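Have a look at the structure below, then the notes.
The values are calculated or read from the model by the stated rules, or taken from the named source; none is laboratory data. It should be emphasised that the depicted structure is a prediction, and the values quoted were computed from it without experimental measurement. Note that we place each Cβ from the backbone using ideal geometry, even for glycine, and neighbour counts take in every protein chain shown.
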Amino acid sequence: MKRIALMASPLLAAFVLSGCGGVLDPSGSGAEEIRGLWWWMFWLSLIPVVIVTVMLAVIVVRRRRSADPDERVSTDSSRRDNRLIILGGVVLPVVILIPVAIVAIATATNRPQSDPDTLEVGVTGHQYWWDVTYPAPGNQRLTNGDTFRTANEIHVPVGTPVEFRLRSEDVIHSFWVPELDGKMDMIPGRTNRLTIQANEPGTYQGICAEFCGLSHTNMRFLVVAQPEEEFEEWREEQNGPAVDGLDEDHLEAFADDCGVCHDLRGVFEERSFRGDFGPDLTHFGSRRTIGADLLPMTPEALGRWIADPEGVKPGNRMPDVGLEGDELADMVELLEELE
Amino acid sequence: MSSASPTPDSAEALDRVWRNKPGLWGWLTAVNHKDIGARYIVTGLVFLAAGGILALLMRLQLLTPENSFLGAGAYNEIFSMHGTTMMFLFAVPILEGLAMYFLPLLLGTRDLPFPRLNAFGYWMYLSGGLLVYAGFLTGSGPDAGWFAYVPLSGPEFSPGQGMDFWLLGVTLAEIAAITGAIELLTGFLTRRSAGMSLGRIPVFGWAAFVMSAMILVAFPSLVAGSVMLEVERLFGTQFFNPAGGGDPLLWQHLFWFFGHPEVYIMLIPATGIISMVVPVFSRRPLAGYAYVVASLVAIGLISFGLWVHHMFTTGLAILGLTVFAAASFLIVIPSGIQVFSWIATMWRGRPAFRPPMLFVLGFIMIFVLGGITGVMVAAVPFDWQVHDSYFVVAHFHYVLIGGVLFPIFGGIYYWFPKVTGWILNEKLGQVSFWTMAIGFNVAFFPQHILGLEGMPRRVYTYRLTDGWELLNVISTIGAFVFAVGILVTFISMALCRRTGTRAGPDPWRADSLEWLADSPPASYNFQRPPVVGGPSPLWSDPGEESSALTEALDDLRRPHSETREVLETSPVDGRPLGIAYLSHPSAWPLAAAVSLTAALVGVLADSDALVVVGVALFLFCLLGWASGTIHQNAPRPLPERPIKAAGEGASRWGTIFVAVPALGMLGALVFSYLLLAVDSPEWPLGQAELPLTWPALVGSALQAGAFALLLFARRMTSTRATISMLMAAVLVLLGVAVCSYWLSTVGVSPVETAYGSIVFALLLYLAILGAGFAAALGVLLNVRRRGFLPPGADVDSGNMAIFAGVVLLAWIAISICLLVAPRLV
């Protein structure tokens, strides 16, 4: 009996704990559908668990053990045996699996759908960050017209589907925002599509779900769901060039130390070393976090990150460019100004 | 059982023939199934301990958020090694080892049909395991996971040698598994006791059969994949590289075509153990024996239709996914049948809950929960959420620990007395079981919830703000409790002489033949091979013995001319066919394994000299091995024996079972070609010209000629058959020459595009297959030259005709791929 109590208590625990975040506390259409499927399967699955548990308990409690080690039970009960086997092994699974299959198919078809007017967002996985591309304001698709880049923080309008075009530049990654929808792999040489609809404004945790190397753990991102107008405002800002009035010396230092990999749109138009190997930093200061949602956007964290990228995020591709003291402080100041 | 009391002097004489040579040399040259089986089991348990320690290190790292105990690099290596160890070096080998030890005893025979192959397999497994760990311990451990997804595991993103150690070591372990499977399948079909028809074979025997058949079909896919990946790392081919037209998903298909059946390869023998234990301790035969056997076969078949259910999130078309989801649902039925067969057996039996039965109960509960979460993850949309999350980690540990480790432990408590002569201490068994059961659930149940809360797999740490700390702490505590439970059984085994009790031949009053042998069994297992009259031989009347059979079995009580003799039986009804001979201890298997390992170390050390020497030595060993055994293995007519000469059973079935993985490799390569072709915007890539047509026609014709010659040779006299074989060998070699010319004229580079890579792979495989076949013919011809000729129907040419058919199939399939498929794509 101890054993049965042991089996039951975690199930209860699951029930109690299931309210806190993640898959079971969704804010997106796809995740809401999947939560429905989960509870449907959860309750149905209690049927076989209860049946097997009760039967085993009865077997244990009856204590029909014989004193004579050589005694054997006659086996003329084979028809009754077979009836139990067919009922438990065939009928029971079929009765449970058919409704599971129906609801699973319904869940798969009730997903948010995209059409030619759906906003397209390109996300390309890199070891270990996310390159994000939007169509310029006024345009919904990536293929016709101008686009702009940002990184690691994805903004979406609330209440409408957004179609992600998922690609990878190096190894396989997987794009997962548990509260919004299921995950989709990002595979080099392919473009996968995933349509997500956020139903409530808020900031949601995204994470790479396919092991992608040393800092797989540190490859996170944020999804910011905003009302339509707010989102369009954000898109307008992000599409524009970097702010005016940046210190020329600081920009010179940036060009020398960071410009090979990082772009500041509208600043280095005339130069040959404009980089797109790393994240676009044009509006870096407007982001909530740094290093693919690794550290908060504070001067201290930024200083730590630039001074020792390998120590903060093992295996990442950003070199230590050797900035120290005032140079480092200037660089931090510049980056913070890039609203 | 009616068995006359053994006469001591003949037992002594039998033992002289069957026992190992004395000393270290005897240990190194041992080939007996009990020695080899026990080595697999002990080595498997050592790897279980190693993998377990790695798991505890991981749990310590995850104990607190942002823990710096291990760091990212060490953690990634450790989780890769944990999975690799448990899947490749613990579970499959220990289950094959149990089958090798017990299958002959269960079937009532003295050894498996190819003892030297068995020994070779063990040495390959050992050196594979050591190779993988050598990489780990010398600081270049593999860190791309046990699944080794490309491109992460490819040359660009894993430049270190860890992956090379991993690929070569794992390939050796896979080849070992294949040799074991050939052995077990052939033994199952041809080496049983008189009267043991298919319907009377114990369930564990059936489970070993299904497991081995699955290994034979599934493992070549991974061997092919591993070799392709290693070649990609060494020489820069483009199979998996999208920049060269390759496809990273190709690796996933090849891996999971092996990887999903792998789960059932472990589960099936484990449930086979359960089906042995439950009836004995319930004091009645298994309920629904036929249903259970049919379920095992059904699971074996269905499991090959599941592999894509590991790829639900890769963006494949939803319709295809639905098919694989349906197959995943379907497999619940045979699993459910087994569960209710055990319940029915206990329900109407008188179960006694000794330690083996405790593990059965724990197994059923945990397995049912693991099966249920298995159905959940097979529901495609739910998998989109929990795939690669801790929910899946929890699910497969319920299936693999509950479904495989618990039965193995139940099997250890059940069979330990047979192997050692000691019954393990009852109290320690209970303590171990309860500690393991509680620790396991505490460790793994919370991981379901962690997954639902969004914690992904394979992360070396998490953040305080994630809110995952409490459940991780609970999980770590549970893991340590679980480890203590395992340790108790290890201690109990180590101290069995002090804490256990002496066991007679049949301490459990069980029903199957292994309990007829001594504990531990004599070197020859049974002095007089038993006769079987029902599915529970020790509980029912012995079978009828004709006077001829009585005479033959009595005759087997004594050795004849220092040879190891066993009864050969017919595959379906277990009719005695004759006496077959088995090979004696030999150092060739060890020497062959060592030289092959040396060649692989040469690859790792980038030493061409070592590779050449290793390969040359390996071929020399094979030659020495082959020429020494063939006349010993060949069944001969025995006029002085009352029953007709042994048929060609073992060699015929053995040939077929070697042909299957050769075809499996072909299948994997053809699949790769077609997948690459279908997924490419243009094919052949880079406007390459198609290969020449005439070599396909000429080569296929030559090979068809060899096939026909060998088919006809079966009915010829020995001298004419020899001439036919010689001619066939010449035709095959001409075919190899044509293939080589073909390869030299394809006009594409194997390292520029995936098209070039796969064309080279197909043609090289064809050439190797042909050359290997010609070599086999050469060995046989050499043996014949020395005067060993098969009697009656020419067994050799019949067997060689099977291989010729395989090579012919390869010619046709590859020709179609190269010449017809591109025009259709």
### Task
Determine which single condition A:Val73 fails, assuming it passes every other condition in (1) aliphatic (A, V, I, L, M); (2) in a loop (DSSP other than H, G, I, E, B); (3) more than 9 Å from every other protein chain (Cβ to nearest Cβ).
(3)
### Query
Hey, any hits in the stretch A:95-107 for a residue that's facing chain B (nearest Cβ under 7 Å) and loosely packed, with under 12 Cβ neighbours inside 10 Å?
no
## Note on the structure
Taking first residues from the stretch B:51-73 that are within 12 Å of chain A (Cβ to nearest Cβ) and second residues anywhere that are in a helix (DSSP H, G or I) and of a type in the set (Ser, Thr, Tyr), the pairs with Cβ under 6 Å that are 6 or more apart or on different chains are B:Gln61/B:Tyr75
### Pair list, Cβ under 7 Å, 6 or more apart: the stretch B:536-563 residue closer than 25 Å to B:Gly288 by Cα, other residue modelled with pLDDT under 80 and exposed (fewer than 13 other Cβ atoms within 10 Å of the Cβ)
B:Pro542/B:Ser2
### Query
In the stretch B:318-349, what residues are under 14 Å from A:Pro93 (Cα atoms) and out of contact with any Pro (no Cβ under 6 Å at 6 or more places or on another chain)?
B:Ala326, B:Ala327, B:Ser328, B:Phe329, B:Leu330, B:Ile331, B:Pro334, B:Ser335, B:Ile337, B:Gln338, B:Val339, B:Phe340
### Summary
For A:Arg317, the lone unmet condition from (1) more than 14 Å from chain B (Cβ to nearest Cβ); (2) more than 19 Å from A:Leu222 (Cα to Cα); (3) of a type outside the set (A, V, I, L, M); (4) touching a residue at least 40 places away in the same chain (Cβ under 8 Å) is (1)
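Okay, residues lined up against (1) more than 8 Å from chain A (Cβ to nearest Cβ); (2) surrounded by 19 or more Cβ atoms within 10 Å (Cβ to Cβ); (3) not polar (S, T, N, Q):
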| residue | (1), (2), (3) |
| --- | --- |
| B:Val442 | yes, yes, yes |
| B:Gly451 | no, yes, yes |
| B:Thr461 | no, yes, no |
| B:Glu469 | yes, no, yes |
| B:Phe480 | yes, no, yes |
| B:Ala483 | yes, yes, yes |
## Note on the structure
A careful count of residues in the stretch B:185-215 that are more than 12 Å from B:Tyr289 (Cβ to Cβ) and basic (Lys, Arg) gives 2
### Pair list, Cβ < 6 Å and 6+ apart or interchain, from the stretch B:305-322 residues that are at the interface with another protein chain (Cβ under 10 Å from one of its Cβ atoms) and surrounded by 15 or more Cβ atoms within 10 Å (Cβ to Cβ) to residues that are part of a helix (DSSP H, G or I) and of a type in the set (S, T, N, Q)
B:Met311/B:Gln252
#### Entry: Selected residue (only one of A:Thr147, A:Thr160 is more than 12 Å from chain B (Cβ to nearest Cβ), of a type in the set (Val, Ile, Thr) and over 21 Å from A:Gly28 (Cβ atoms))
A:Thr147
### Message
Being surrounded by fewer than 21 Cβ atoms within 10 Å (Cβ to Cβ), modelled with pLDDT of 65 or more and among the small types (Gly, Ala, Ser) is the requirement here; does B:Ala634 meet it?
### Response
no
### Query
For B:Gly108, all conditions in the list (1) touching a residue at least 60 places away in the same chain (Cβ under 8 Å); (2) within 30 Å of B:Ala243 (Cα to Cα); (3) in contact with a helix residue (DSSP H, G or I) (Cβ under 6 Å, 6 or more places away or on another chain) hold save one; what is the number of the exception?
(2)
### Residue, modelled with the lowest pLDDT, within the stretch B:726-754, restricted to residues that are surrounded by fewer than 19 Cβ atoms within 10 Å (Cβ to Cβ) and small (Gly, Ala, Ser)
B:Gly747
### Query
What are the residues in the stretch A:321-339 that are under 33 Å from the mean Cα position of the chain (by Cα) and in a helix (DSSP H, G or I), if any?
A:Leu328, A:Met331, A:Val332, A:Glu333, A:Leu334, A:Leu335, A:Glu336, A:Glu337
### Summary
Of the residues in the stretch A:185-206, those that are surrounded by fewer than 24 Cβ atoms within 10 Å (Cβ to Cβ) and facing chain B (nearest Cβ under 8 Å) come to A:Pro188, A:Gly189, A:Arg190, A:Asn192, A:Arg193, A:Gln205
### Query
Which one of these does B:Ala119 not meet: (1) at pLDDT 95 or above; (2) at positive phi?
(2)
#### Entry: Some residue of the stretch A:270-291 being in a strand (DSSP E or B) and closer than 30 Å to B:Thr465 by Cβ
yes
### Task
Output yes when any residue across the stretch A:4-19 is at pLDDT 70 or above, within 7 Å of chain B (Cβ to nearest Cβ) and over 21 Å from B:Gly288 (Cβ atoms), and no when none is.
no
### Task
Pairs only if they're at least six apart or on different chains, beta carbon under 7 angstrom, first in the stretch B:689-701 and touching a residue at least 12 places away in the same chain (Cβ under 8 Å), second of a type in the set (Gly, Ala, Ser) and part of a helix (DSSP H, G or I); list them, first residue then second.
B:Ala696/B:Ser815; B:Gly699/B:Gly735; B:Ser700/B:Ser815
### Tally, over the stretch B:225-242, of residues that are in contact with a Gly (Cβ under 8 Å, 6 or more places away or on another chain) and either basic (Lys, Arg) or surrounded by fewer than 23 Cβ atoms within 10 Å (Cβ to Cβ) (or both)
2
### Query
For the stretch B:115-156, which residues satisfy the criterion of being part of a helix (DSSP H, G or I) and either of a type in the set (Asp, Glu) or within 14 Å of chain A (Cβ to nearest Cβ) (or both)?
none
### Query
Are any of the residues in the stretch B:27-35 surrounded by fewer than 15 Cβ atoms within 10 Å (Cβ to Cβ) and closer than 30 Å to B:Ala394 by Cα?
no
#### Entry: From the options B:Val601, B:Val611, B:Val615, B:Val572, residue that is surrounded by fewer than 20 Cβ atoms within 10 Å (Cβ to Cβ), at pLDDT 80 or above and touching a Gly at 6+ places or on another chain (Cβ under 7 Å)
B:Val611
### Scan of the stretch B:178-224 for residues that are in contact with a Ser or Thr (Cβ under 8 Å, 6 or more places away or on another chain), among the β-branched types (Val, Ile, Thr), at pLDDT 95 or above and surrounded by 24 or more Cβ atoms within 10 Å (Cβ to Cβ), ordered by number
B:Ile182, B:Val203
### Tally of residues being surrounded by 15 or more Cβ atoms within 10 Å (Cβ to Cβ) and closer than 17 Å to B:Glu66 by Cβ across the stretch A:280-314
13
### Message
So in the stretch B:290-304, with the set limited to residues that are away from chain A (no Cβ under 12 Å) and of a type outside the set (A, V, I, L, M, F, W, C), which one is farthest from B:Ala213 (Cα to Cα)?
### Response
B:Ser303
